[in-house]
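Colleague: Take this structure first; my questions come after.
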Amino acid sequence: MANSGLQILGFALALLGVIGLIIGTILPQWKMSAYVGDNIITAVAMYEGLWMSCAFQSTGQIQCKVYDSMLQLNGALQATRALMIVSILITLAGLGAACMGMKCTNCGGDDKVRKSRIAMAGGIIILVGALCAIVACSWYAHDIIQAFYNPFTPVNTKYEFGSAIFIAWAGAFLTVVGGAMLAASCPRNKSTPKYPISRPPSSKEYV
């Protein structure tokens, strides 16, 4: 029963994690304009994401523009795009496999050991997907930090971390925890005694 509860908790955490990864991938707030230097203009806030860049004005108006050409993007952005999409697809495949192997479902047959191994394989697949998301977020964050501390970067073009990258990091963390719980739910094989069990002689043998 405890093993089944661990599987359900791990599946729920991994599901919340992949939702966070999807939301973080879609949002344009991966990096935001940093207000540094003497000439600070707070009337317009610039945000850049994986798919578009947006300008938030103090009046409440929002103007977004989708990136025209993928070839104009830098290598870090293209790699982050690819890794986040691969992470979401792998995690969804792991959730499907884990759902088939969970004890509370009827998929995957009636063999409990086989179902637990399927759930464990699903957890390992989820961990691989979470690792792709962690690498993507860390790579993008490293690119932001490197450009921020570069002395040749103009002050008005410096950026800092946005809210979307933290959402993606949180989703990756939940996915890691959920995948680890599913991967650790495989039961240990109970050792069966190799010697025959002795039985007391029946009363018919004495007759």
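The values are calculated or read from the model by the stated rules, or taken from the named source; none is laboratory data. Since this is a predicted model, take the numbers as computed values, not measurements. Don't worry about glycine lacking a Cβ; one is built from the backbone with ideal geometry, like all the others, and counts go over all protein chains shown. Areas reflect the complete protein model, heavy atoms only, side chains present, ligands, DNA and RNA absent. Shrake-Rupley method; radii C 1.70, N 1.55, O 1.52, S 1.80 Å.
Colleague: Residues of the range 1-56 being open to solvent by less than 20 Å² (accessible area, probe 1.4 Å), of a type in the set (A, V, I, L, M), outside any loop (DSSP other than H, G, I, E, B) and at pLDDT 90 or above, which ones?
Modeller: A14, V18, L21
Colleague: Condition first: without any contact (Cβ under 8 Å) to a residue 60 or more places away in the chain and open to solvent by 80 Å² or more (accessible area, probe 1.4 Å). Now tell me which residues in the range 146-165 satisfy that.
Modeller: Q146, Y149, P151, F152
Colleague: Return the only residue of V177, V113 being among the aliphatic types (A, V, I, L, M) and over 23 Å from the mean Cα position of the chain (by Cα).
Modeller: That would be V113, the only listed residue that is among the aliphatic types (A, V, I, L, M) and over 23 Å from the mean Cα position of the chain (by Cα).
Colleague: Here is a follow-up. In the range 174-192, which residues are open to solvent by 80 Å² or more (accessible area, probe 1.4 Å) and at pLDDT 50 or above?
Modeller: The answer is R188, N189, K190.
Colleague: Cβ-Cβ under 8 Å, sequence separation 6+ or interchain: first residue in the range 51-73 and without any contact (Cβ under 8 Å) to a residue 24 or more places away in the chain, partner open to solvent by 60 Å² or more (accessible area, probe 1.4 Å) and not in a strand (DSSP E or B). Which pairs?
Modeller: S58/T42; V66/W51; Y67/W51; M70/Q78
Colleague: Also: Report, by residue number, each residue of the range 76-129 that is open to solvent by 40 Å² or more (accessible area, probe 1.4 Å), part of a helix (DSSP H, G or I) and either touching a Ser or Thr at 6+ places or on another chain (Cβ under 9 Å) or at positive phi (or both).
Modeller: I85, C99, M120, I125, L127, V128
Colleague: Condition test on S138, is it open to solvent by less than 80 Å² (accessible area, probe 1.4 Å), modelled with pLDDT of 90 or more and closer than 18 Å to M46 by Cβ?
Modeller: The answer is no for S138.
Colleague: Of (1) touching a strand residue (DSSP E or B) at 6+ places or on another chain (Cβ under 7 Å); (2) part of a helix (DSSP H, G or I), E160 satisfies all except one. Which?
Modeller: Of everything listed in (1) touching a strand residue (DSSP E or B) at 6+ places or on another chain (Cβ under 7 Å); (2) part of a helix (DSSP H, G or I), E160 misses just condition (2).
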